[in-house]
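Structure record follows, encoded as structure tokens.
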Amino acid sequence: MSSVAIACIAFVCVFGGALLGLLFQTVLPEEHLSTDTKDVVKLGIALIATMAALVLSLLISSAKGTFDTRGNQLLQASADIILLDRILAHYGPETKEVRAVLQRSVAASIERFWPTNRDRAETVGPRASPVEALYDKIQELSPQTEAQRSLRSQALTTALDLGRMRMLLFEQLGSSIPVPFLVVLVFWLCIIFASFGLFAPRNATVIAVLFVCALSVSGAIFLILELDRSFEGLLQVSSSPLRAALAQLGE
């Protein structure tokens, strides 16, 4: 389910809770809306609001951490790609085919993660790794001098680092936000907004304020999901490092 759909569901639930509170206000007996009752409800809602704020902050922190981690991994991978290309260039003209494989692999990876045609987006998966073909090509090199043996060893090490980084990236492609966290958070927000509606005056200004508040918390949930899904939606990890690395290959 998309981030927009989940955020809309959260908005309907939260704002619906506020409207339900306004409805209950007309149904409940007067003694249930006394000052003493309000004080007890305020204490309970303050506890729930505190827990909701903590869960919301944890989700934001987790999503932002995941987004930054993926960005740093792509930056590191881009640096390793440029370094590998320079190592192969210093090895000699024998690596022309290997460097071409590296260039094609980077271009294919960019197309997988950031497809130009969204309707034909490829499924991103860890199988059929182009790094394996690159590693095999480097292993096939036959160094003639000590310097070439050293460069071949460095190239193999860098290729292994690229493969490891690629696997780590794919392992983190799944959502890091536990679904029970979101469900509990939305449930708590519904209770909080229902209490707002229960004791609020029934007028257009109150309804408008409750609408804006529900929209705001739903927007926060939307941002959390967008940060967590770094390769889809509105907020995506930048492809600039990989594109910059691709532009430098073969120079």
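The values are calculated or read from the model by the stated rules, or taken from the named source; none is laboratory data. Predicted model, so just to flag it, every value in this text is computed and none were measured. Note that we place each Cβ from the backbone using ideal geometry, even for glycine, and neighbour counts take in every protein chain shown. With ligands, DNA and RNA removed, areas are computed over all heavy atoms of the protein, side chains included. Shrake-Rupley method; radii C 1.70, N 1.55, O 1.52, S 1.80 Å.
Values as computed for the structure displayed
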{"item": "Simple spin-label estimate for V40 and R202 in nanometres, 7 Å along Cα-Cβ", "result": "2.4 nm"}
{"item": "Solvent-accessible area, 1.4 Å probe, carbon plus sulfur percent, for the stretch 1-126", "result": "65 percent"}
{"item": "With DNA, RNA and ligands ignored, accessible area of D36 (1.4 Å probe; Å², nearest 10)", "result": "110 Å²"}
{"item": "Environment charge at Q144 (Cβ cut-off 12 Å; Lys +1, Arg +1, Asp -1, Glu -1)", "result": "0"}
{"item": "Kyte-Doolittle mean at least 0.0, axial Cα span of 24 Å or more - DSSP H helices of the chain", "result": "3-27, 35-91, 179-199, 204-228"}
{"item": "Accessible surface, per residue, of the stretch 5-148 when the full set of protein chains is kept, probe 1.4 Å, Å²", "result": "58 Å²"}
{"item": "Peptide ranges 20-32, 184-196 listed from the most packed, as the mean C-beta count within 10 angstrom indicates", "result": "184-196, 20-32"}
{"item": "Within the accessible area of the stretch 127-243 (1.4 Å probe), percent carbon and sulfur", "result": "65 percent"}
{"item": "Rg/Rh for the stretch 1-148, where both radii come from Cα atoms and Rh is the Kirkwood radius", "result": "1.33"}
{"item": "Amide N of the stretch 209-227 lying under 17 Å from the label point, which is placed 7 angstrom from the Cα of Q25 along Cα→Cβ", "result": "209-214"}
{"item": "Principal axes of the chain: Cα extent on each, largest first, Å", "result": "94, 33, 25"}
{"item": "Cα gyration tensor category, rounded, prolate or oblate, for the stretch 164-237 with a/c compared to 1.5", "result": "oblate"}
{"item": "The chain: most fluctuating residue of S218, S176, S230 per GNM, C-alpha cutoff 10 Å", "result": "S176"}
{"item": "Spread of Cα-to-Cα distances over 10 Å intervals beginning at zero, given as percent, for the stretch 10-69", "result": "18, 32, 29, 13, 7, 1"}
